[in-house]
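Report on the structure given below.
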Amino acid sequence: MTTMALTKQGDQGESVAQFVRRTMFSNVPDDTLKLVLTMCERYGLDPLLKHVVVIEFENKRTGRKTYTPYITRDGLLHVAHRSQQLDGMTASYGKDEMVEFAEVTIHRKDMQHPFVYRVYRHEYDTGERAWRTHGISMTIKVGEVFCLRRAFDVAMPVLEEMDRVIDAGGGRVVEVDEFTEG
C-alpha cells in the first residue's frame, strides 16, 4: 500500500487511513495508528487484509494501556511474495528426543544458502483451543513466521512473540483488534 493509496479520497471524501481508523482501529491512539500506517508503507502491507493487527496491553500494576502493532503470517507472506525473491518454502514436523518441533526452510532466488529455522512446540504452545486442535499446524506456523521474518528482513514484531512481551512488561492482552488466526 502506498502513501497515495492511504490518502486517496473515497466517494464520501474519506481517505483510506480514515476508513481504517473508523472500521478497524477505532480504539487505538492516533500515534499508534500513524505507526501502523508507517509500517504498512515501509513493508507494503495492507491493514484491510489484516497484514497488521494491534494488541492492547494493560499493565496489571498501573492499569496503564499500551498498544502494539504486530505483523501477521499473511503479512510476512505478502512481503516475501512482493519481493519476487521467494523461491520456495518447506516445513517438516518431528520429534527430537521426545520434544516436538517444526523446521522450516526458505529459499531465496538471490541467495546461495537457504534460511532454516527450528521451533520447539513446548516453547510456544499456549494451550488455547487452536493449539489443542491444530498443534502441528500451529507449530509449523510459528516456524514459518520466524523463518520468513529472517529471510525477508522484517523487524516488525510478530504475534508469536506476544507472550514474551506480556511476561516482560507485566501486562495482559485485553483485546485483539479484529484478529482472527490465519
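Read the figures in this text as sums done on the coordinates, not as results from a lab. All values reported here derive from a predicted model rather than from experimental measurement. Don't worry about glycine lacking a Cβ; one is built from the backbone with ideal geometry, like all the others, and counts go over all protein chains shown.
What to note about this one:
- Cβ-derived FRET efficiency at R0 22 Å, E58 paired with D31, nearest 0.05: 0.80
- Listed by chain and number, the lysines whose C-alpha is less than 30 Å from the C-alpha of K65, apart from same-chain residues fewer than 8 away, are K34, K50, K141.
- Net lengthening on full extension, Q112/H134 (0.36 nm per residue, minus Cα-Cα): 4.5 nm
- Rounded, prolate or oblate (a/c below 1.5 giving rounded, otherwise prolate when a/b exceeds b/c) for the range 17-106 by Cα gyration tensor: oblate
- Packing rank of 93-104, 19-30, where each peptide gets the mean count of other beta carbons within 10 Å, highest leading: 19-30, 93-104
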